[in-house]
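Have a look at the structure below, then the notes.
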Amino acid sequence: MSANTAIKKGIFVIIPAIIVALAAAAILFGVLRQIPQAPPAPQQVQLEEIRLLPASSTLRAIGLVEADQSVELKARVSGFLVGKDFEEGKKVKAGQVLFRIEPDQYRSAAASAQADLASAQAQLDKATLDYNRVKDLWAKRSAPKSDFDNAQASLDVATAAAQAARARLEQAGLNLAYTTVRAPFDGLVSDTPFSVGSLLGPESPTLATVVASDSVEVSFGLSDRVMGGLRLGDERGGFPGGRLDNVRPRLLIGGAYYDSDGEISYVAPQVERQTDTVKFKARFDNPRGILAPGQSVVVSLEPVVPRRVLILPKAALMTSEGASFVYLAGPAPDGGQGLVAVSRPVEIGQEFEEGFEILSGLAEGERVIVLGLMSSGARLRAGSPVAVAPGGSPGPAPGADGAAGDGAGVD
């Protein structure tokens, strides 16, 4: 038998074998297709309850400490400085004498003015007597009208002279008093560029500055957007407490809170257009002098009574294409066994340390998935089977009214 004949016989043997193998594979594939596939294992998740919690929002701004009262002392009369009766930088009391200007010339001027007033008063007394005597005679027609007119004029002149003398004496007394420069209120006094013997006058620079230290004001600005929320009484606008009477200003100095809270003392009636802010002032007690004018501080505005809001745990929030949603564990929509992930859109408000404020989409007592949202790098999807971890009951079915929480974390 030739080689060609042997090859042909081999081919005729192999082809039927291949056909038989392919047929058997097709039959086996059909059988396998008829075998039901096992469902995917449920994804382990943990639930957390939506609760109504007191949420304290905080608004912070850079503030500048200003003196509650501050005055620059000036010389009001001319003369040589003969006394400086204070320690620079120390506390002074209201009425305390700080500077003494040479008083001699002003004391002499006051004495001269006193003598001038005495003379003018004597002239007035005489003019008054003459007027009364002539007035009686003229009433009895025993004196001419001209005498009465002269007496009246003399009395008027004497009265004016006495008034002028009294005014000069008053001015002389003021000038004499101005030779002592006193502290107008309790506070701290600055240094002075003048020493004893310096010639002072109304045109001289400031002698010293007295600054009230027992209380200070802190000025700061808030944006007009925040003010919009305040005008509407809505804390969602960004102003803690929503109202001026429900906010307490606090100060942060070096990362620590100042030991005394303040109170809002001023709100500007207009918006500063250059900065688009509204100026505020808050008054703080400063008995130990910790706060100094010109000092920069952080003003923290916090509500006196925190409002209560529904809080969504931060781990539960999901986003997709700008929309926010959460997953809950609920029964399968086709009535199947077990639980599946159910997507629920939510509207989120402010962010707090405890979580996000829920504006809509969830009710108190409902439970959301907080753990198990990712498995092997794959994201949980709506309809995926889930299994609640031990101790995490599913709570009310998604879409039903939420049952009341257990009150944990609620005042």
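None of the figures in this text is laboratory data; all of them are computed from the coordinates on show. None of these values were measured; they are calculated from a predicted model. Note: ideal-geometry Cβ built from the backbone for every residue, glycine included; neighbour counts use all protein chains shown.
Measuring from label point to label point, each 7 Å out along Cα→Cβ, what is the I62 to A115 span in nm?
So the label points at I62 and A115 sit 6.6 nm apart.
Report the net charge of residues surrounding G173, where surrounding means a beta-carbon distance below 11 angstrom and charges are Lys +1, Arg +1, Asp -1, Glu -1. Walk me through the numbers on the way to the answer.
Values: positive: R107, R166, R168; negative: E170.
Residues near G173 contribute +2 overall.
Once amide H atoms are placed 1.01 Å from N in the peptide plane, what residues at a sequence separation of 5 or more from S324, or on another chain, have their amide H within under 5 Å of its amide H?
Close amide H contacts, sequence-distant or interchain: V346.
Where the centroid of each part is defined by its Cα atoms, how far is segment 259-324 from segment 53-107 in Å?
What the calculation gives is 31 Å, centre to centre.
Sum up the charges of everything whose Cβ sits under 15 Å from the Cβ of S213, counting Lys and Arg as +1 and Asp and Glu as -1, but leave S213 out. Don't skip to the answer; put the middle values down first.
Working: positive: K90, K91, K93, R283, R288; negative: E66, D68, E87, E88, D186, D214, E217, D285.
So the environment of S213 carries a net charge of -3.
Given a Förster radius of 25 Å and the C-beta distance between V157 and S204 as r, what FRET efficiency does 1/(1 + (r/R0)^6) yield to the nearest 0.05? Let's see the in-between values first.
Working: r = 40 Å, r/R0 = 1.62.
Given R0 = 25 Å and the Cβ-Cβ separation, E is 0.05.
What number comes out for the charge environment of S360, summing +1 per Lys or Arg and -1 per Asp or Glu over other residues with Cβ under 12 Å away?
Every neighbour counted, the sum reads -1.
Q44 to L232: FRET efficiency via 1/(1 + (r/R0)^6), r the Cβ-Cβ distance, R0 45 Å, to the nearest 0.05?
Working: r = 45 Å, r/R0 = 1.01.
The formula returns an efficiency of 0.50 here.
Using amide H atoms built in the peptide plane, which far-off residues or other-chain residues are under 5 Å from R182 H to H?
L98
Out of residues 5 or more away from Q350 or on other chains, whose amide H comes under 5 Å of its own, with H placed 1.01 Å from N in the peptide plane?
Answer set, sorted by chain and number: E357.
According to a simple spin-label model (label point 7 Å from Cα along Cα-to-Cβ), what is the distance in nm between K91 and Y266?
Distance between the two pseudo-spin positions: 2.5 nm.
So for each of 91-102, 267-278, 42-53 I average, over its residues, the number of other beta carbons within 10 Å; can you give me the resulting order with the highest mean first?
Numbers: 91-102: 16.5, 267-278: 11.9, 42-53: 19.8.
Ranked from most to least packed, the peptides come out as 42-53, 91-102, 267-278.
Applying the Karplus parametrisation 6.51 cos²θ - 1.76 cosθ + 1.60 with θ = phi - 60° to the phi angles of segment 153-169, what ³J(HN,Hα) value in whole Hz is obtained for each residue in order, glycine and proline being reported as x?
5, 4, 5, 5, 5, 5, 5, 5, 5, 5, 5, 5, 5, 5, 5, 5, 5
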